[in-house]
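Written below as structure tokens is the structure these notes are about.
What follows draws every value from the coordinates through simple rules; no lab data is involved. What you see is a predicted model; the values in this text were computed from it and never measured.
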Amino acid sequence: MAEIEVKVLGVDPGELRRKLFELGAERVKKGREVNQMFDFSDGRLFARGGYVRVRSFSGRCTLTIKERIGSGPFRESREHETEVSDPGETRLFLEALGLGLRRVDEKDRESYRLGDILYEIDEWPGYPPYLEVEAPTREAVEAGLAKLGYHLSDSTSKHFHELASEVYGKPLPPNLKFED
């Protein structure tokens with residue numbers, strides 16, 4: 001499945017929630033995600049903007065393979081995802097295929113759906129929150145931004161791992177977890 005998205009930095013989560021509810025968006029998810037990121041020892045997936053991920057959230061676990069397929073103002077990726085029953089067994093499966101666990105990250109995420117647009121407010125430990133807008137087309141992403149008063153020029157297509165050092169001046173630690 002193709003995924004097209006952008007991020008808007010420096011957002012106020014409370015104000016975003018208010019606007020999304022006013023627009024009639026439905027909150028479809030809220031909570032902490034644990035993301036185990038896998039790659040080969042030579043880093044070939046990360047180097048191309050891709051990865052294999054095992055995500056745990058509210059007792060649910062998914063296995064995702066993602067590869068970046070476009071560059072420019074939109075982050076365009078090809079994503080294949082399936083639900084798995086056991087993150088530990090999934091890790092062993094991936095390791096048997098030659099992939100290794102490269103990092104484990106946590107983030108708090110709130111997801112809202114409005115038509116075919118997905119809005120996600122992400123908060124990583126030690127970094128400011130941002131908004132991610134995802135839709136099936138570039139035009140729909142731009143329309144999703146406009147509904148909240150943003151323009152494409154207000155957004156970035158960079159991955160959070162790039163933003164951490166380039167924008168926030170804080171390179172990511174080996175694993176990014178909340179301290180609670």
Computed log₁₀ I(q)/I(0) - Debye formula, equal Cα scatterers, no solvent, the chain, q 0.13, 0.16, 0.18 Å⁻¹: -0.68, -1.06, -1.36
Scattering curve values for segment 87-180, log₁₀ I(q)/I(0), Debye with Cα scatterers, q = 0.15, 0.18 Å⁻¹: -0.78, -0.97
With Cα atoms, 0 to 90° folded angle of helix 13-23 axis to the chain main axis: 60
Relative contact order of segment 64-180, defined on C-alpha pairs under 8 angstrom at six or more residues apart (%): 23
Flagged links, alpha-carbon separation over 27 Å, of K19/K66; K7/K177; K29/K158: K19/K66
Derived scalar couplings ³J(HN,Hα) [segment 118-124; Karplus, 6.51 cos²θ - 1.76 cosθ + 1.60; whole Hz; x for Gly, Pro]: 10, 10, 10, 9, 10, 10, 9
Over the chain: helical MRE at 222 nm, DSSP H runs n ≥ 4 each giving -39500 (n - 2.57), nearest 500: -6500 deg cm²/dmol
Crossing angle, helix 138-147 versus the chain [Cα axis fit, 0-90 degrees, rounded to tens]: 50
